[in-house]
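Here is the structure we will look at, set down as C-alpha cells.
The values are calculated or read from the model by the stated rules, or taken from the named source; none is laboratory data. Note that this is a predicted model, so its numbers are computed, not measured. All Cβ positions, glycine included, derive from the backbone under ideal geometry; neighbour counts span all protein chains shown.
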Amino acid sequence: MQREIEVVIAKVLLYFNYNRCENLIVRCFIYIRQRLMRTSLGLAFLLVTNSMVLAMTKSSPSTYPELSPVQMITDDPVLVPFSNYVPYDSTQVLRKDTTVIFVNFELDRVELDESFLDNANALRHIVSSIRRITDDRRYEVSCVQIVGMASIEGSAAYNYNLGMQRAESLKRYLRQHVPTLSDEVFDLNSGGEAWTELRSLVEDSQFDGKAQVLHIIDHTTNLWLRERRIKDLMDGKVYEYMLNHLFVAQRVAGYMRIYYDVVEQPEPEEPQPATEPVSQPEPEPEVQPEPVVEPTPTPTPNIIYEGPWRLAVKTNLLFDAALAPNIEVERWFGKRHRFSLMAEVWFPWYVWRSNSRAFEVLNIGLEGRYWLTHSKNPNRPITGFFLGVYAAGGKYDLEWKSKGNQGEFTSLGLSVGYTWRIGRNFNMEVSAAAGWLSGPYRHYVGMFDDTHLIWQRNEHFSYVGPTKLKFSLVWLWPERRRK
C-alpha cells in the first residue's frame with residue numbers, strides 16, 4: 001500500500017509544476033491519512049507522509065523548472081522585465097492592456113471583497129505570479145505597480161482620494177499574502193476619475209448620444225462641467241444608460257503590473273595554487289578618530305488642505321452688503337451625507353450718536369436639511385438641491401426719529417435651496433424660506449434727547465409668508481492630513 005501511494009505522488013510531482021500543486025498534494029496527504037488512521041498501517045504511513053511533506057516544504061529553489069526571463073513573460077503576461085518599466089500616465093487605456101490585471105470594488109467602497117465579481121481569480125493570479133518570482137533566487141520583484149481608480153460620479157478631489165485608498169487596500173492584501181514584499185517595491189498611483197477609460201468604453205459601445213458624449217469629453221476641460229453636460233443629454237437618459245452599463249466597469253482599483261529583474265549570480269572563483277605564507281611584521285594599530293555623528297534633520301510633514309472636510313462655514317452676502325454681521329455653521333451626517341444640521345446667528349447692533357435711530361437685531365436659529373440630489377453626487381458633501389425645516393428666535397430694537405419698537409420674535413418654516421461647487425474648498429448657496437413669524441413688541445417714544453423711552457402701548461404681531469433670502473459663500477473646513 002505504501003509503495004503504491006509513493007508511485008502516485010511521484011507521478012503527480014512530475015506532471016504538475018510544484019508551485020501550482022503544493023496545496024493539492026498536502027490536502028491529498030491529509031485525506032489519505034484520515035482514511036488510513038483506522039487501519040493498522042495508519043501509524044507507519046503517518047510517519048512516512050510527515051517526512052515527505054517536511055521534505056517538500058524545505059526543498060531547494062534549484063528544484064524548480066528552469067525559466068529564462070523570456071519564458072516568464074511568455075507564460076504570464078503580468079510579469080514584465082524592469083527594463084520595460086513605464087510610469088503611470090492618465091492618458092493610458094489600461095483596460096485594453098494585456099500586461100495588467102484588475103480587481104473590482106463596490107460603489108464608494110475601499111474594502112477589498114474577494115467574493116465580489118471575479119476578484120477571487122484575479123487575486124489568486126496576482127499572488128501566484130509574485131510568489132513565482134520571490135521563490136526563485138535568480139529573480140527579484142523590482143516594482144509592483146498599482147493604479148486605483150473610480151467612476152466619474154462625485155467630485156474629482158474625492159475620487160482621487162478614493163482611488164488612492166483603494167490602491168492602499170490592495171497593497172495591504174498583497175503584503176498580507178506575500179510578507180517578503182517590502183514597501184519600497186510598491187508604486188501606488190491614483191487615477192482619480194477614469195475619464196480615459198470611460199472614453200474607451202464609450203467608443204466600444206453603441207447607444208443614443210454616443211457622439212455627443214465623446215464630443216463633451218474631448219472639448220470640456222472642467223471635470224464638473226463635463227459631468228453636468230453629460231447628465232443633461234436627452235433629459236438624463238444617456239447618463240442613466242452609462243450609470244447602469246459603463247460605470248460598473250470603472251469601479252476598479254486593481255490595475256496591477258509586476259516588474260521583475262534578473263539577479264546577477266556571482267561567478268565561481270578559480271582555485272589558486274597553494275603558496276607558502278610569507279611572514280610579515282604586524283603593523284602598529286592606527287588610532288582612528290571618533291566619528292562625528294551629525295543629527296538627522298526631522299522632515300517637516302506636508303499638510304494638504306483638501307477633503308475630507310470637517311464642516312462648512314458660511315456667510316450671507318446679502319446681509320454683508322447691508323452691513324449686518326452674520327455667520328452659519330453646517331455639519332453633515334448619515335449614509336452618503338444625505339442629512340445636515342445648520343446653526344446660524346446674525347447680529348447687527350447699531351445705535352446712532354443722537355440716539356434717535358437704532359438698528360439692533362439678534363437672531364439665532366437651527367435648520368435641518370435633506371439633500372435631494374446628493375445620491376447622484378455622493379462624494380462631495382452638501383451639494384445639489386435640498387429641503388429644510390428651521391426654527392429661530394431673537395429680539396430687536398428698531399427706532400427711527402425717536403419712535404421705535406422693542407420686542408421678541410419666534411419663527412418656524414420651510415426652506416429650499418441649491419448649492420454648487422466654485423472651488424476646491426468653496427461652494428455657493430442660494431436659498432429661500434417661508435413660514436410663520438410671531439411675537440410681542442412694545443411701541444415707545446424717545447424723550448429728552450432720547451435719553452428716556454416712554455412706553456406707549458404693548459401689542460402682538462403674527463405674519464405668514466416669505467421669511468428668508470440667502471446668497472451665501474460656503475467654505476469647507478478641511479481636515480489636516482499629513483504625508
Review point. If you go through region 317-355, how many residues are farther than 19 Å from Val389 by Cβ and in contact (Cβ under 8 Å) with a residue 60 or more places away in the chain?
Key: 5
Exercise for review: Quick one: Thr221 ticks every box in (1) closer than 24 Å to Asp89 by Cα; (2) at pLDDT 65 or above; (3) surrounded by 10 or more Cβ atoms within 10 Å (Cβ to Cβ) except a single one, so which number is it?
Suggested key: (3)
Point to revise | Search result, residues across region 417-434 that are basic (Lys, Arg) and assigned to a loop (DSSP other than H, G, I, E, B) | key: Arg424
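For region 104-146, which residues satisfy the criterion of being crowded, with 20+ Cβ neighbours inside 10 Å and under 14 Å from Val185 (Cα atoms)? Write out each step before concluding.
Start the filter on region 104-146 by keeping residues that are crowded, with 20+ Cβ neighbours inside 10 Å, which leaves 105, 123, 126, 129-130, 132-133, 141, 144-146.
Answer for region 104-146, where residues must be crowded, with 20+ Cβ neighbours inside 10 Å and under 14 Å from Val185 (Cα atoms): Ile130, Ile133, Val141, Val144, Gln145, Ile146.
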Practice item. Among residues belonging to region 138-187 that are of a type in the set (Gly, Ala, Ser), within 18 Å of Leu112 (Cα to Cα) and assigned to a helix (DSSP H, G or I), point out the one that is nearest to the chain's Cα centre (by Cα). Key: Gly163
Check your understanding: Given the structure, is Asn377 in the same structural domain as Ala432 (by TED's automatic domain parsing) and modelled with pLDDT of 85 or more?
Key -> no
Review point. Out of all the residues in region 129-136, is one or more over 24 Å from the mean Cα position of the chain (by Cα) and part of a loop (DSSP other than H, G, I, E, B)?
Key: yes
**Study point:** Tabulated pairs, region 93-116, first modelled with pLDDT under 80 and outside any loop (DSSP other than H, G, I, E, B), second surrounded by 12 or more Cβ atoms within 10 Å (Cβ to Cβ) and not aromatic (Phe, Trp, Tyr), C-beta under 6 angstrom, 6+ apart or interchain
**Key:** Leu94/Val100; Arg95/Glu197
Exercise for review: Tally the residues that are at pLDDT below 85, more than 12 Å from Leu79 (Cβ to Cβ) and charged (D, E, K, R), restricting the search to region 117-143.
Suggested key: 4
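Going by what's in this entry, would Glu240 be described as within 23 Å of the chain's Cα centre (by Cα) and within 24 Å of Asp108 (Cβ to Cβ)? If you could, list the steps in order and put the result at the bottom.
Numbers: within 23 Å of the chain's Cα centre (by Cα): no; within 24 Å of Asp108 (Cβ to Cβ): yes.
Against the criterion (within 23 Å of the chain's Cα centre (by Cα) and within 24 Å of Asp108 (Cβ to Cβ)), Glu240 does not qualify.
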Exercise for review: Filter region 347-364 down to residues that are among the charged types (D, E, K, R) and modelled with pLDDT under 85 and give me whichever is nearest to Asp320 (Cα to Cα).
Suggested key: Arg357
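Would you confirm whether any residue within region 156-172 is exposed (fewer than 15 other Cβ atoms within 10 Å of the Cβ) and either on the phi < 0 side of the Ramachandran plot or among the charged types (D, E, K, R) (or both)? Even if it seems obvious, please write down each step before you answer.
To start, the set of residues in region 156-172 that are exposed (fewer than 15 other Cβ atoms within 10 Å of the Cβ) comprises 172.
Next cut, either on the phi < 0 side of the Ramachandran plot or among the charged types (D, E, K, R) (or both) only: 172.
Yes, region 156-172 contains a residue that is exposed (fewer than 15 other Cβ atoms within 10 Å of the Cβ) and either on the phi < 0 side of the Ramachandran plot or among the charged types (D, E, K, R) (or both).
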